[in-house]
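Pasting a structure below so you can have a look.
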Amino acid sequence: MDLEQLAEFLLNPNVPRLWLYAALFLGTVMESFFPPWPSDVVTLYCAFQAGRGRLDPAVVFVLASLGSQAGVMGGYWVGRRWGRALLVERPTRLLPTERLARLEGWFARYGAAAVLVSRFFPGVRALVTPAAGLAGLGAWRVGVFAAIAVLIWNGFVFGIGMAAGARFDWARQVLATYNSVALALLLAGLAAWVIVALIRRRRPA
């Protein structure tokens with residue numbers, strides 16, 4: 001389903017409200033397992049419908065937040081339960097033991113902050129919590145910091161949709177611009193990290 005088909009379904013006045021609520025909840029869960037799924041767009045469309053009185057605003061916000069949190073914790077438990085078997089243990093061994101040790105050390109130091117900040121970088125956030133599970137970061141820490149980020153982020157998207165009124169193209173452009181800026185900042189940060197790492201590696205002992 002492309003974005004046009006998604007919009008046609010979610011903005012169709014003939015679609016029962018219960019279906020829209022179900023699509024919102026399942027759509028926000030799906031992103032944690034299928035990162036290309038546009039959960040933010042689903043939330044935006046449903047918030048827009050809430051702003052027009054078609055859906056209940058409180059129900060939309062609660063379902064979007066519960067779905068996001070369920071997906072986050074589902075991804076965490078997948079990483080915790082099956083991550084080692086899939087990536088570390090033989091015969092796959094895609095993640096060598098020394099790299100796993102580094103990942104565990106990194107999450108021990110920055111894990112809670114990484115879970116919190118990753119929510120604001122679409123495409124990346126779906127990878128962080130499974131990695132946190134693989135590294136053994138505590139479930140309570142992941143759950144609490146993820147919940148804080150989920151509420152803030154969904155509040156942002158929900159607010160844009162509610163405020164859109166007749167300016168729905170404006171709302172979509174705001175979200176698209178944010179995602180583009182966030183991706184650019186992420187790529188710039190990664191590039192800077194790679195450059196610093198290369199300089200340190202070449203520096204004489």
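Each label point is 7 Å from the Cα along the Cα-to-Cβ direction; what then is the distance between the points at GLU8 and ARG54, in nm?
With each label point 7 Å from Cα toward Cβ, the separation is 1.5 nm.
Considering only the other residues whose Cβ falls under 12 Å of the Cβ of ALA147, what net charge follows from Lys and Arg at +1 and Asp and Glu at -1?
+2
Highest mean first, how do 134-146, 8-20 rank when packing is the count of other Cβ atoms within 10 Å averaged over residues?
Per-residue Cβ counts within 10 Å, averaged per peptide and sorted highest first, yield 134-146, 8-20.
A further question follows. Multiply the residue separation of TRP19 and VAL62 by 0.36 nm, subtract the distance between their alpha-carbon atoms, and state the gained length in nm to one decimal.
Full-extension gain reported as 13.9 nm.
Only the coordinates and a few stated rules stand behind these numbers; no lab work does. Everything numeric in this text was worked out from a predicted model, so none of it was measured. Quick reminder, even Gly has a Cβ in these numbers, built from the backbone with ideal geometry, and neighbours come from all protein chains shown.
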